[in-house]
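Heads up: the structure comes next, in structure tokens.
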Amino acid sequence: MNRSQSDSKCIASAVKSYDVRDFFRYPERTGFQLSPDGRYLSFLATHVGRLNVFVQMIDALGCPSGRAWAVTQETARDVLGYCWKGSERLLYVKDFGGDENYHVLSVPVDGGEPVDLTPYDGVRASIVDELIDDDRYLLICHNRRDPQLFDVFRIDVATGESTLVAENPGNIVGWMTDHASKLRVAIASDGVNKTLLYRDDEAEPFCPVVTTNFRETVAPLFFTFDNQRLYVLSNRGRDRIAIFEFDPKTAREGEVLFEHDEVDVTGMSYSRRRGTLTTIWYADDYVQRHCLDAQTAEVYADLEAQLPDAVVSIAGFTRDESLAIVRTESDRSPGAMWTYHIETRQLAKIADLMPWLDPDDMAPMRPISYTSRDGLRIHGYLTLPADYDPGRKESAKLPLVVNPHGGPWARDHWGFNAEVQLLANRGYAVLQVNFRGSTGYGRAFWEASFGQWGRAMQHDIDDGVDWLIGNGLVDPKRIGIYGVSYGGYAALAGIAFTPNRYAAAVDYVGVSSLLTLLESIPPYWRPELDMMYEMIGNPNTEEGKRALRDASPLFFTDRIVTPLLVAQGANDPRVKRTESDRIVNALRERGVDVQYLLKENEGHGFLNEENRFEFYEAMVAFLGAHLGTN
């Protein structure tokens, strides 16, 4: 797809106003996967009030055939994620009220009784290796023995029987297997420095290979196909992350496999069946791919020829890689899912994901850039209402919602964003800023955020707002700010440190005090606490404590006059409920207009559909009351 097509669509004469729930209700079916043998299609759909896993037969053309049946019966929480384990069982994960203590469960394809593979209270588990060629076992790590440490176990998916494979000596924060599913790589941390550990065989001890300060990356992706070397993402001695072949015996990167002259490389894919590297990924204004072999390039060329008006990606294969799941999407549509026969090049549509949203009513997302006050180039995205016409006098200046992303060491990408489209549909311009610290723009840009919460990071957001005001696009008296997690912190910082800038603010599970954030982190983050001190601030020195306090909106509530909506999950393990309780109470004591939406059965963000509906309906009403719309 030529993405500029998105920008060149004609101004809609009458854009439909959609109900809030249209943007956030579940698709009829989503999360599609193929069974390894290609006999089944699985997906998530609503069952007993929650998203559950369904399975359906597929025919020779790759189309769903016959009746679909539910294989999970979760009633309290949506299924968060799942995968096939062979073609007769599926694995899925769930937590409890948003506490992020994930359990891994196994369920037969016919929907029989699930087996909890990690049936321990207060324990967080994750899959280390699905053991894709072994239908009976998988490798899981969990922190039952010590809340701060994750040990690795080999688990029978049918019985739940567990065997210890590797006990964490106290400093391991990551594990990796080779192509034979042998546990041969680990990442250790002392809080600031990371060490890559390696062994030739599981019978040998792990040995340190290379140690880097956390500011540098030597991140293993996977082994070479002979299981002797590693492919790594590395920025050792350079600013941007590139992909190298790495020799663990010499601790040296070989020739660079791929680099980009402006942004970090983010990942690489390969064909298991052919033993071939296929695709490298990076993101500039758009997510981009670079094909490494002729077959992959030919497949993508054919898909783009057959599906010319969308961004195309391959979401999965059968085990023999003869049948693929393909997704199409754009900034104005969440897209559709297809099956694709690699040999015959035959496509079959499975489903449109949100067919009730007409792409012509949705708004294009445009990449932007501007220069910060201290000379950094800042990138982001601007979305204007679909019916915005700058030539029409009454629409010349728009109300604006600034939407800083969470993380903060993450970034916004171009694509369909339900929150952004809801706001644009209500007549708002939406600004997304990849402020300093956003990932993908090189190490110097990332490091420029250290110790800059509420300072230069916030200035980057302010500078984007001023850039829009200077271009005459937005009304400076009708600007709101809304964000989740770090974005919620940025919303609070915006109304605390620039109290006259915003007419309304929405804080969704945001931090109000950096001091309590660092005091109350989950135990499994503690091995890297010293790194967080360098990145955010150190509360163990008087100077550091003062700097953290000075960047915490909680201690500046006397400055806040802006109406505020706060949403919080009571079980949030990252941003504790007290973060919201304290600032809400302090502002209410001063008579500031504060609405507080607290959900007892949620964590770091609202997962349950009814809670999401309530939040977004409250947000739209709140912004409409304080910003109005065109």
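The values are calculated or read from the model by the stated rules, or taken from the named source; none is laboratory data. Please read these numbers as outputs of a predicted model, since none were measured by experiment. So basically every Cβ, Gly included, is an ideal-geometry build from the backbone, and we count neighbours across all protein chains shown. Keep in mind that these areas ignore ligands, DNA and RNA; they rest on the heavy atoms of the full protein, side chains included. Shrake-Rupley method; radii C 1.70, N 1.55, O 1.52, S 1.80 Å.
Quick check, is E321 surrounded by fewer than 21 Cβ atoms within 10 Å (Cβ to Cβ) and on the phi > 0 side of the Ramachandran plot? Yes: the conditions hold for E321.
Kindly indicate whether N601 is surrounded by fewer than 19 Cβ atoms within 10 Å (Cβ to Cβ), part of a loop (DSSP other than H, G, I, E, B) and under 23 Å from the mean Cα position of the chain (by Cα). Spell out how you get there, then give the answer.
Values: surrounded by fewer than 19 Cβ atoms within 10 Å (Cβ to Cβ): yes; part of a loop (DSSP other than H, G, I, E, B): yes; under 23 Å from the mean Cα position of the chain (by Cα): yes.
Yes; evaluated as a whole, the condition is true for this residue.
Within region 501-519, the set of residues being surrounded by fewer than 24 Cβ atoms within 10 Å (Cβ to Cβ), closer than 21 Å to D593 by Cβ and in contact (Cβ under 8 Å) with a residue 60 or more places away in the chain comprises just one member, A503.
How do the pairs read when you match residues in region 557-580 that are among the basic types (K, R) with residues anywhere that are crowded, with 24+ Cβ neighbours inside 10 Å, using Cβ under 7 Å and keeping only pairs 6 or more apart or on different chains? From residues that are among the basic types (K, R), the pairs are R559/A496; R577/Q568.
So if I check each of V79, V93, which one is closer than 26 Å to D133 by Cβ, part of a loop (DSSP other than H, G, I, E, B), of a type in the set (A, V, I, L, M, F, W, C) and open to solvent by less than 50 Å² (accessible area, probe 1.4 Å)? Walk me through it before giving the result.
Values: V93 fails: part of a loop (DSSP other than H, G, I, E, B).
Being closer than 26 Å to D133 by Cβ, part of a loop (DSSP other than H, G, I, E, B), of a type in the set (A, V, I, L, M, F, W, C) and open to solvent by less than 50 Å² (accessible area, probe 1.4 Å) holds for just one of V79, V93, which is V79.
On the basis of being open to solvent by 20 Å² or more (accessible area, probe 1.4 Å) and modelled with pLDDT of 95 or more, does R478 make the cut? When the stated conditions are applied, R478 passes them.
Can you work out which of the residues in region 116-142 that are touching a Pro at 6+ places or on another chain (Cβ under 9 Å) and surrounded by fewer than 22 Cβ atoms within 10 Å (Cβ to Cβ) is nearest to L34 (Cα to Cα)? Steps first, answer last, please.
Keep residues of region 116-142 that are touching a Pro at 6+ places or on another chain (Cβ under 9 Å), which gives 122-124, 132, 135.
Cutting the leftovers down to surrounded by fewer than 22 Cβ atoms within 10 Å (Cβ to Cβ) gives us 122-123, 132, 135.
Details: G122: 32, V123: 30, I132: 13, D135: 15 Å.
Applying the filter and picking the extreme gives I132.
For region 350-379, the set of residues classified as under 17 Å from N471 (Cα atoms) and surrounded by 12 or more Cβ atoms within 10 Å (Cβ to Cβ) consists of R366, P367, I368, S369, Y370, S372, I378, H379, listed by residue number.
Could you check G191 against (1) assigned to a strand (DSSP E or B); (2) within 28 Å of L518 (Cβ to Cβ); (3) open to solvent by less than 50 Å² (accessible area, probe 1.4 Å) and say which number it fails? All conditions are met except number (1). Restricting F206, F214 to those that are touching a helix residue (DSSP H, G or I) at 6+ places or on another chain (Cβ under 7 Å) and either of a type outside the set (S, T, N, Q) or surrounded by fewer than 17 Cβ atoms within 10 Å (Cβ to Cβ) (or both) reduces the list to F214. Each residue in region 6-50 was checked for being open to solvent by less than 30 Å² (accessible area, probe 1.4 Å), of a type in the set (A, V, I, L, M, F, W, C) and modelled with pLDDT under 95, and 1 pass.
Output the residues belonging to region 261-283 that are acidic (D, E) and open to solvent by 40 Å² or more (accessible area, probe 1.4 Å).
Going through region 261-283, the residues acidic (D, E) turn out to be 261-262, 264.
Those that are acidic (D, E) and open to solvent by 40 Å² or more (accessible area, probe 1.4 Å): D261, E262.
Please specify each residue of region 604-630 satisfying the condition of being part of a loop (DSSP other than H, G, I, E, B) and under 19 Å from A570 (Cα atoms).
Of all residues in region 604-630, those part of a loop (DSSP other than H, G, I, E, B) come to 604, 606-608, 628-630.
Selection gives H604, F606, L607, N608.
Taking region 391-444 as the range and being assigned to a loop (DSSP other than H, G, I, E, B), farther than 24 Å from E216 by Cα and free of Cβ contacts under 8 Å to residues at least 40 places away in the same chain as the test, the residues that pass are G391, R392. Of all residues in region 144-180, which are assigned to a loop (DSSP other than H, G, I, E, B), in contact with a Phe, Trp or Tyr (Cβ under 7 Å, 6 or more places away or on another chain) and of a type in the set (D, E)? The one that is assigned to a loop (DSSP other than H, G, I, E, B), in contact with a Phe, Trp or Tyr (Cβ under 7 Å, 6 or more places away or on another chain) and of a type in the set (D, E): D178. Among the residues of region 331-341, the ones that are farther than 13 Å from P385 by Cα and open to solvent by 20 Å² or more (accessible area, probe 1.4 Å) come to 3 in all.
Can you name every residue in region 476-532 that is hydroxyl-bearing (S, T, Y) and either more than 19 Å from the chain's Cα centre (by Cα) or assigned to a helix (DSSP H, G or I) (or both)?
Step one: of region 476-532, the residues hydroxyl-bearing (S, T, Y) are 482, 485-486, 489, 498, 502, 508, 512-513, 516, 520, 524.
Passing the criteria: Y486, Y489, T498, Y502, S512, S513, T516, S520, Y524.
There is at least one residue in region 146-165 that is touching a Lys or Arg at 6+ places or on another chain (Cβ under 8 Å) and among the small types (G, A, S). Which of the residues that make up region 541-579 are in contact with a helix residue (DSSP H, G or I) (Cβ under 9 Å, 6 or more places away or on another chain), open to solvent by 20 Å² or more (accessible area, probe 1.4 Å) and closer than 25 Å to D146 by Cα? Matches in region 541-579: A570, N571, R574, K576. Among the residues making up region 615-630, those that are touching a strand residue (DSSP E or B) at 6+ places or on another chain (Cβ under 7 Å) and buried (at least 16 other Cβ atoms within 10 Å of the Cβ) are F615, A618, M619, F622, L623, H626, L627, T629, N630. Suppose the filter is touching a residue at least 24 places away in the same chain (Cβ under 8 Å), β-branched (V, I, T) and surrounded by 14 or more Cβ atoms within 10 Å (Cβ to Cβ); does V232 pass it? For V232, the condition - touching a residue at least 24 places away in the same chain (Cβ under 8 Å), β-branched (V, I, T) and surrounded by 14 or more Cβ atoms within 10 Å (Cβ to Cβ) - is not met.
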